[in-house]
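The values are calculated or read from the model by the stated rules, or taken from the named source; none is laboratory data. Treat the numbers as computed from the prediction; the structure is a model and nothing was measured. All Cβ positions, glycine included, derive from the backbone under ideal geometry; neighbour counts span all protein chains shown. The accessibility values were calculated without ligands, DNA or RNA, using every heavy atom of the protein model including side chains. Shrake-Rupley method; radii C 1.70, N 1.55, O 1.52, S 1.80 Å.
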Amino acid sequence: MMVSRKPRLGEPPPDEAEEPPPPAEGIGFDELYHNHFRSLTLQLAAYCGDLPQAQDLVQEAFCRAYARWSRVSRYDDPVGWVRRVAWNLATSRWRRVRTAQSWLRRQRPEHVAGPGPDRVALIAALAQLPAAQRRAMVQHYLADLSLAQIAEQEGVPVGTVKSWLHRGRAALAAQLNDNRAVSS
């Protein structure tokens, strides 16, 4: 689609830094944009089914044409080039969306049943403990940290952690026994 002349023997190659000749038809970028933006947008809107997306795609195609205007302006059909770029952008976007949706479908977790009544009672009982005891219980029984690790993290002696765990277990046992007595 590019208009070019054949190189002649004995001539040096054309200088890339040299200003390209004006387009054969004399059409400028502004004129091309104003004359064809709406029609290209309507074509893409019919293809995509989404007018704002079509406007974005056509705008991006025109931005790419503007960045390469020295070359695009010499094509036989600069509008055809912009149209092709816009359609390619729409196709690429559709493929990205399809791939993302496929990935998301594969990432859906299996249905997990909600917590049972025992778990709910344990969480409620833990919430009633003082913060230090609750942290010690969670770190020791759920995170599998040793007494020394908990003591270091909390900045207290190991004996203090032992007393937190003892008091926490006693309080949990009392609260869970009370809950079972009430529910019976």
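Given the options Gly114, Gly159, name the one that is more than 30 Å from Leu51 (Cα to Cα), open to solvent by less than 70 Å² (accessible area, probe 1.4 Å) and part of a loop (DSSP other than H, G, I, E, B). Exactly one residue qualifies, and that residue is Gly114. Looking at the range 46-56, which of the residues that are modelled with pLDDT of 90 or more and either open to solvent by less than 50 Å² (accessible area, probe 1.4 Å) or closer than 23 Å to Tyr75 by Cα (or both) is nearest to the chain's Cα centre (by Cα)? Filtering the range 46-56 for residues that are modelled with pLDDT of 90 or more and either open to solvent by less than 50 Å² (accessible area, probe 1.4 Å) or closer than 23 Å to Tyr75 by Cα (or both), the one nearest to the chain's Cα centre (by Cα) comes out as Gln53. What residue, among those in the range 138-156 that are closer than 23 Å to Leu122 by Cβ and among the charged types (D, E, K, R), is least open to solvent (accessible area, probe 1.4 Å)? Ranking the qualifying residues of the range 138-156, first place goes to Glu154. Quick check, is Leu165 touching a Lys or Arg at 6+ places or on another chain (Cβ under 7 Å) and surrounded by 14 or more Cβ atoms within 10 Å (Cβ to Cβ)? No; evaluated as a whole, the condition is false for this residue. Figure legend. Inter-residue proximity from the range 149-173: first residues of a type in the set (Lys, Arg), second residues open to solvent by less than 60 Å² (accessible area, probe 1.4 Å), beta-carbon distance below 8 Å, spacing 6+ or different chains. Indicated pairs: Lys162/Leu147; Arg167/Gln133; Arg169/Met137.
Under the condition of being assigned to a loop (DSSP other than H, G, I, E, B) and in contact with a helix residue (DSSP H, G or I) (Cβ under 8 Å, 6 or more places away or on another chain), the residues counted in the range 127-145 number 2.
So the check is Cβ under 6 Å with 6+ separation or different chains; which pairs have a first residue in the range 29-46 that's closer than 15 Å to Trp69 by Cβ and a second one that's open to solvent by 70 Å² or more (accessible area, probe 1.4 Å) and in a helix (DSSP H, G or I)? Every condition considered, the pairs that remain are Phe29/Tyr66. Counting only residues that are open to solvent by less than 50 Å² (accessible area, probe 1.4 Å) and among the aromatic types (Phe, Trp, Tyr), which one in the range 29-45 is farthest from Asp76 (Cα to Cα)? Taking the candidates together, the pick is Phe37.
Please work out which residue is least open to solvent (accessible area, probe 1.4 Å), limiting yourself to the range 57-73 and to residues that are in contact with a Pro (Cβ under 6 Å, 6 or more places away or on another chain) and part of a helix (DSSP H, G or I). Among those that are in contact with a Pro (Cβ under 6 Å, 6 or more places away or on another chain) and part of a helix (DSSP H, G or I), it is Val72.
Taking the numbered list (1) basic (Lys, Arg); (2) modelled with pLDDT under 90; (3) buried (at least 16 other Cβ atoms within 10 Å of the Cβ) in turn, Arg135 passes all entries but (2).
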